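Below: one structure, written as structure tokens.
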Amino acid sequence: MSTPAGSARDGAARDGAARDGARPRVFIVDDHGLFRAGVRSELGDEVDVVGEADDVEPAITRIAECQPDVVLLDVHLPGGGGQAVVTAIRASHPGVRFLALSASGAPEDVIAVIRSGARGYVTKTISGGDLVDAVRRVAAGDSVFSPRLAGFVLDAFAALPAAADGSPSFDPELDQLTPREREVLRLIARELFISVKTVESHVSSVLRKLQLSTRHQLTRWANERRLT
């Protein structure tokens with residue numbers, strides 16, 4: 001296994017290869033064998049498919065062994081979310097890049113895998129030619145999104161509160177809330193009561209999503225995340 005320094009050197013070498021037009025080395029993670037075969041066929045000889053896996057644990061093991069340039073990754077796998085694969089590999093092999101390839105276009109799936117470190121997200125309706133282009137761009141260090149999904153990412157990051165140093169904060173629990181619910185949460189954090197009936201439904205929704213039972217707990221939760 002490469003050391004962190006070795007991983008960095010390997011990543012730099014892959015970047016250079018991608019820029020020079022070499023075929024990217026690709027690993028495919030999806031729990032449907034027929035779909036994996038279809039992806040290999042669509043990619044053709046434009047890339048080198050160096051391995052594949054159908055679940056989280058074998059994916060982590062095999063990706064670490066062959067260290068591809070790009071991993072094409074489904075976000076829903078039998079052993080857990082695709083973000084678990086991204087998180088595990090990025091910790092030890094930061095030069096490996098991930099491109100989510102999923103049937104899901106749900107905002108929560110897009111945000112979860114991008115937050116874990118994936119470089120892009122495209123849906124399975126993508127054409128073979130566009131997929132090859134997306135793989136090459138991710139291998140070269142770019143980010144790639146299906147047009148409709150890019151808006152989800154922009155909206156989610158724009159709505160994030162800033163941390164103390166001015167950088168965006170990343171909180172999976174906070175991601176569950178709509179912009180309106182976050183606005184209401186800030187109000188609750190400043191006052192322990194709300195008399196406006198039209199806001200009560202938002203209060204209940206926030207408590208339910210965060211699995212909290214009282215507004216005092218909610219205030220403490222908000223204070224810990226610098227929402228006040």
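Structure values in brief
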read-out	value
Unmet criterion (only one of (1) in contact with a Pro (Cβ under 9 Å, 6 or more places away or on another chain); (2) closer than 22 Å to ASP142 by Cα) for ASP55	(2)
Single residue of ARG62, ARG9 found to be modelled with pLDDT of 95 or more, part of a helix (DSSP H, G or I) and touching a Gly at 6+ places or on another chain (Cβ under 9 Å)	ARG62
Counted residues, the stretch 114-131 - those being under 17 Å from PHE27 (Cα atoms), among the hydrophobic types (A, V, I, L, M, F, W, C) and either open to solvent by 20 Å² or more (accessible area, probe 1.4 Å) or within 11 Å of the chain's Cα centre (by Cα) (or both)	1
Residues (of a type in the set (D, E, K, R) and under 19 Å from LEU131 (Cα atoms)) located in the stretch 102-120	ARG119
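The values are calculated or read from the model by the stated rules, or taken from the named source; none is laboratory data. What you see is a predicted model; the values in this text were computed from it and never measured. Neighbour counts are summed over all protein chains in view; Cβ atoms, including those assigned to glycine, are modelled from backbone coordinates with ideal geometry. Please note that ligands, DNA and RNA were not included when accessible areas were found on the heavy atoms of the full protein model with its side chains. Shrake-Rupley method; radii C 1.70, N 1.55, O 1.52, S 1.80 Å.
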